[in-house]
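Here the structure comes first, spelled out in structure tokens, and everything after it is commentary.
The values are calculated or read from the model by the stated rules, or taken from the named source; none is laboratory data. In this text, all values refer to a predicted model and were calculated from it rather than measured experimentally. Please note: Cβ atoms are built from the backbone with ideal geometry, for glycine as well, and neighbour counts cover all protein chains shown.
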Protein chains: 2
Amino acid sequence: MQFTTLPGFRDFYPDLCSRKVHIFDTWRKSAQSFNFLEYDAPILEPLDLYIEKSGSEITGQLFNFQDRGDRSVALRPELTPSLARMVGAKANSLKRPIKWFNIGENFRYERPQKGRLRSFYQFNADIFGESGPAADAELISLLGNTLQAFGLKDSDFTIRLSDRDIWLLILSSEGIHGADATLVLGIIDKMERSDRSQSIKLLSGVLNNGAEDFMIMIEKIMSIRDFASLRDLLLNLKLDSVRAEQAKLRISQWDDLLSLLSNTCVSNSLQIDLSIVRGLAYYTGFVFEAFESGGKGRALAGGGRYDSLVQKLGGPEMPATGFAMGDVTLSNLLEDSDLLDDICVKSPDFIVIIAASDISNEALKDTTMLRSLGYSVEYPLKLSSVSKQLKEANRVGATIALIYGTENQISNNVIVRDLKNKVEHVFARELLSELPKDWLANGITAK
Amino acid sequence: MQFTTLPGFRDFYPDLCSRKVHIFDTWRKSAQSFNFLEYDAPILEPLDLYIEKSGSEITGQLFNFQDRGDRSVALRPELTPSLARMVGAKANSLKRPIKWFNIGENFRYERPQKGRLRSFYQFNADIFGESGPAADAELISLLGNTLQAFGLKDSDFTIRLSDRDIWLLILSSEGIHGADATLVLGIIDKMERSDRSQSIKLLSGVLNNGAEDFMIMIEKIMSIRDFASLRDLLLNLKLDSVRAEQAKLRISQWDDLLSLLSNTCVSNSLQIDLSIVRGLAYYTGFVFEAFESGGKGRALAGGGRYDSLVQKLGGPEMPATGFAMGDVTLSNLLEDSDLLDDICVKSPDFIVIIAASDISNEALKDTTMLRSLGYSVEYPLKLSSVSKQLKEANRVGATIALIYGTENQISNNVIVRDLKNKVEHVFARELLSELPKDWLANGITAK
């Protein structure tokens, strides 16, 4: 019987796995440089957790089923609901601000295509308990720091910054509120990937009339790229006095956010772009997405505020903001940018070469000792000629060969051969516990 | 609506997650010290992969379901079938011996209890393409090295070594072959956890008569603890000439294995114990399990040879041996041994303290620079008093505080405070790109 991997799932042979480990390590280090703490949540959760957050239409994209205890369960399509549940459950004992990150697998039943698989990994970073723009700035700069940590320059990517609050004020000034506003935001979210006439048709399904003019207004707003124009827009909206105050406050929060970000690593990557609204209904304020600068491919990452989700999932009121970065689009960009070329399987520090089997006990003792000190040592699992073993040493890319049992060699000695510089010396075996660090750092020199 | 974790699944809040990361790191480092390469496989696989390997009774313990494409799929209960599939698919291009490891999640629908959850993590290490005892020795010593890397002493655990080949020879000498032999091995596997009379009853279901005497013979064999007795047993079996040769060959392979292991880190942890047979039918030679020395709890790890599985799953003939170590029983032992006490969330290298908001731009610029250099820096998300910020600095366990904007301080300077030794000096901000490494290693001394 022949077996294959399910569509949209991946086998990670060692070469590909070393790239995955590199991506995970870079994500982890970047999050830790911002002092985010790592957490993890189950891969399988009650189905209702996702329906409560996203509505029942989400189930069309899920791997969901009844378990043997007749529970409705689903493989997680995203981490945020589990995170909001966890934070909500311990909200009183967790010291704020809560800055957490995770690296984990997610699952969506979609048609596999470029940049989209059924199983994918995400880096999630979130801040809870802080409603001011400083939290948004911290996350957006972490996003930029992470992309740069892979070797991307700040000109290689763009972080498009938008604001659901501004859109709600704009829609309010047009008399569009509540569920209608959510519908219109959903249409705007899809505009970039939709036909213009199709968008107008969808808009006219919500508005009583004037969808065409409304579309022209939206397009004008979506073309704004500077803060001055954004401020003018907000100050000139027809708003009641309460909302007019909200608009002024929002201008000052934008001012704070942009000022903070100008002092971070994303200062040259940022772009005001209100065409980003993030599809999901639970976003509440600043939202953002990162793209390759040329605009190719899907979003590298996306996120924003979701100040009401913790409460919606049973916790207390808790401001929140976060982003997720997937591994698939990111890997494609890093490959296209030749930033994964040097990532390959680890080579051992040492390889043991045995010329005479009567000294293999000593070789294995030394191997055991070096391994217990944390060095990586390849030990031969069967006997072969020295020349064949030296060839193998070069193939696995070992730094140093330890050669046992050649002519004129006593059992207390070992030949230490620097495979890169092709020099070797005889050392007393007892020095093997002291000298390897120096050999690996500086090569084999004089005794 | 309130949500909770599914039974047998775990939330990893940062404290617990840091222990998980510690366990994963230790597994990874130990595998790398033996020059095993990391790989990964899907968490969701075709159900048939598990039925082909273990028989249809396995489905009673699985999370299995029909996906939206009407495929029968299952969350993996173990990694070996996926691994055997992967190795089989690329058997011709993979250089042997293939020494691979993985750290990943597995799922079994069982009653959650001490040492057993529905979701658990496993460290898997396997060697393919090498049939001799050197491969078994390499794996068993990796198992010992791994447990010692957590701080366990070689007297804290026992590796019980057994052999399915010896059992097949013993059973053959009693006229028990083929499917009957597999049945008897299944009964022997459960003896340690079963009532004696129940075992005899089960044996009499396979044997025509003499189950009582057979039981006494088995108990005698299971009490063997030294190689000399094992050799005597094998040499005195009533075997045909072909099998008698096999018995002699097996003695010499045992001799080789024990001799190799006597030069490794497990020399004091090893115990001959034929009561270990490993339940699963696909094991073919040496098998072993590791336990806490006092015998408390479930096995810490288990494994052995499975020379026919790759072929069974559609690949070529390929000798194989491997083991798996789970995180649950291991964590319990490490906790009982106080070996996880010091494992806690990472503290930042630096915490930024802002005394005057007009200097916060400079503080954020420095923060950005230090983070881009890879240092972990906590930056305040809102303004508060210096004393409150210093209290926070101690709470998060930062090593060094960078204090901006206190009295008499110009914007080109920063106060660098060593929070452990409680000394501080004023430095020029421009030195922040050069000196942190020294400060973190040696504390703040003279300028």
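If we only count helices (runs of 4 or more DSSP H) wholly inside segment A:336-447, which ones have 2 or more residues that are touching a Pro at 6+ places or on another chain (Cβ under 8 Å) and closer than 26 Å to B:Asn145 by Cα? Quick ask: steps written out before the conclusion?
Details: elements: A:360-372, A:386-396, A:436-442.
The qualifying helices (runs of 4 or more DSSP H) are A:386-396.
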* To do: Answer yes or no as to whether B:Ser269 is more than 30 Å from B:Ala149 (Cα to Cα) and of a type in the set (Ser, Thr, Tyr).
  => no
* Asked: In the list A:Leu143, A:Leu169, which residue meets the criterion of being farther than 30 Å from A:Phe63 by Cα and of a type outside the set (D, E, K, R)?
  -> A:Leu169
* **Test: residue in segment B:255-267 that is of a type in the set (A, V, I, L, M, F, W, C), away from chain A (no Cβ under 13 Å) and not in a loop (DSSP other than H, G, I, E, B)** => no
* **Unmet criterion (only one of (1) of a type outside the set (Lys, Arg); (2) touching a Ser or Thr at 6+ places or on another chain (Cβ under 9 Å); (3) away from every other protein chain (no Cβ under 14 Å)) for A:Leu339** => (2)
* Structure fact -> Of (1) at pLDDT 95 or above; (2) touching a strand residue (DSSP E or B) at 6+ places or on another chain (Cβ under 9 Å); (3) closer than 28 Å to B:Thr26 by Cα, B:Thr367 satisfies every one except (3)
* To do: May I ask you to say which residue of B:Glu430, B:Glu362 is more than 43 Å from the chain's Cα centre (by Cα), touching a residue at least 60 places away in the same chain (Cβ under 8 Å) and not assigned by TED's automatic domain parsing to the domain that holds B:Asp25?
  => B:Glu362
* Take segment B:117-135 and flag every residue that is within 17 Å of B:Phe34 (Cβ to Cβ) and among the charged types (D, E, K, R). => B:Asp126, B:Glu130
* Looking only at segment B:287-318, and only at residues there that are part of a strand (DSSP E or B) and of a type outside the set (D, E, K, R), the one that is nearest to the chain's Cα centre (by Cα) -> B:Ala301
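Please determine whether any residue of segment B:381-392 is within 16 Å of A:Ser259 (Cβ to Cβ) and at the interface with chain A (Cβ under 8 Å from one of its Cβ atoms).
Here is the first cut: in segment B:381-392, the ones within 16 Å of A:Ser259 (Cβ to Cβ) are B:381-383.
From what's left, at the interface with chain A (Cβ under 8 Å from one of its Cβ atoms): B:381-382.
Among the residues of segment B:381-392, at least one is within 16 Å of A:Ser259 (Cβ to Cβ) and at the interface with chain A (Cβ under 8 Å from one of its Cβ atoms), which makes the answer yes.
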* Does any residue of segment A:13-26 turn out to be among the hydrophobic types (A, V, I, L, M, F, W, C), in contact with a Ser or Thr (Cβ under 9 Å, 6 or more places away or on another chain) and farther than 30 Å from A:Leu340 by Cα? -> no
* Asked: Can you name every residue in segment B:84-98 that is within 10 Å of another protein chain (Cβ to nearest Cβ) and hydrophobic (A, V, I, L, M, F, W, C)?
  -> B:Ala84, B:Met86, B:Val87, B:Ala89, B:Leu94, B:Ile98
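Report, by residue number, each residue of segment A:352-374 that is of a type outside the set (A, V, I, L, M, F, W, C) and either within 9 Å of chain B (Cβ to nearest Cβ) or surrounded by fewer than 21 Cβ atoms within 10 Å (Cβ to Cβ) (or both). Give the steps one after another, and end with the answer.
Filtering segment A:352-374 for residues of a type outside the set (A, V, I, L, M, F, W, C) gives A:357-358, A:360-362, A:365-368, A:371-372, A:374.
Residues satisfying the conditions are A:Ser357, A:Asp358, A:Ser360, A:Asn361, A:Glu362, A:Lys365, A:Thr367, A:Thr368, A:Arg371, A:Ser372, A:Gly374.
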* To do: Sort out which residues of segment B:187-226 are in a helix (DSSP H, G or I) and of a type in the set (Gly, Ala, Ser), and write them in order of number.
  => B:Ser197, B:Ser199, B:Ser204, B:Gly205, B:Ala211
* If you scan segment B:102-115, which residues turn out to be touching a Lys or Arg at 6+ places or on another chain (Cβ under 7 Å) and either of a type outside the set (A, V, I, L, M) or outside the structural domain of B:Leu37 (by TED's automatic domain parsing) (or both)? -> B:Asn106, B:Phe107, B:Arg108, B:Tyr109, B:Glu110, B:Pro112, B:Gly115
* Starting from residues that are free of Cβ contacts under 8 Å to residues at least 60 places away in the same chain and surrounded by 18 or more Cβ atoms within 10 Å (Cβ to Cβ), keep the ones in segment B:265-314 and report whichever is farthest from B:Leu142 (Cα to Cα). => B:Ala299
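Among A:Lys447, A:Lys420, which is in the same structural domain as A:Ala355 (by TED's automatic domain parsing) and modelled with pLDDT under 95? Outline the logic, then answer.
Details: A:Lys447 fails: in the same structural domain as A:Ala355 (by TED's automatic domain parsing).
Being in the same structural domain as A:Ala355 (by TED's automatic domain parsing) and modelled with pLDDT under 95 holds for just one of A:Lys447, A:Lys420, which is A:Lys420.
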* Does segment A:110-117 contain any residue that is basic (Lys, Arg) and over 20 Å from the mean Cα position of the chain (by Cα)? -> yes
* Asked: Residues B:Gly178, B:Gly151, B:Gly186: which one is modelled with pLDDT of 95 or more, in the same structural domain as B:Ile23 (by TED's automatic domain parsing) and not charged (D, E, K, R)?
  -> B:Gly151
* Structure fact -> Residue hits (segment B:24-54; free of Cβ contacts under 8 Å to residues at least 24 places away in the same chain and under 25 Å from B:Ala281 (Cα atoms)) are B:Ile51
* To do: Would you please name the residue that is farthest from the chain's Cα centre (by Cα), looking only at residues in segment B:19-57 that are more than 7 Å from chain A (Cβ to nearest Cβ) and of a type in the set (Ser, Thr, Tyr)?
  => B:Ser56
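Would you call B:Asp11 facing chain A (nearest Cβ under 7 Å), farther than 19 Å from B:Val328 by Cα, surrounded by fewer than 22 Cβ atoms within 10 Å (Cβ to Cβ) and at pLDDT 95 or above?
Numbers: facing chain A (nearest Cβ under 7 Å): yes; farther than 19 Å from B:Val328 by Cα: no; surrounded by fewer than 22 Cβ atoms within 10 Å (Cβ to Cβ): yes; at pLDDT 95 or above: yes.
Criteria not met by B:Asp11.
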* Structure fact -> For A:Asp70, the lone unmet condition from (1) charged (D, E, K, R); (2) more than 7 Å from chain B (Cβ to nearest Cβ); (3) under 30 Å from A:Val345 (Cβ atoms) is (3)
* Condition met for B:Leu139 (at pLDDT below 95, crowded, with 19+ Cβ neighbours inside 10 Å and either in the same structural domain as B:Gly55 (by TED's automatic domain parsing) or not acidic (Asp, Glu) (or both)) -> no
* Could you grab the pairs with beta carbons closer than 7 Å, sequence gap of 6+ or different chains, first residue in segment A:126-138 and at the interface with chain B (Cβ under 9 Å from one of its Cβ atoms), second one assigned to a helix (DSSP H, G or I) and modelled with pLDDT of 95 or more? => A:Ile127/A:Ala135; A:Ile127/A:Glu138; A:Ile127/A:Leu139; A:Ala134/A:Leu260; A:Ala137/A:Leu257; A:Ala137/A:Leu260; A:Ala137/A:Leu261
* Structure fact -> In segment B:99-109, residues that are more than 9 Å from chain A (Cβ to nearest Cβ) and over 13 Å from the mean Cα position of the chain (by Cα) total 1
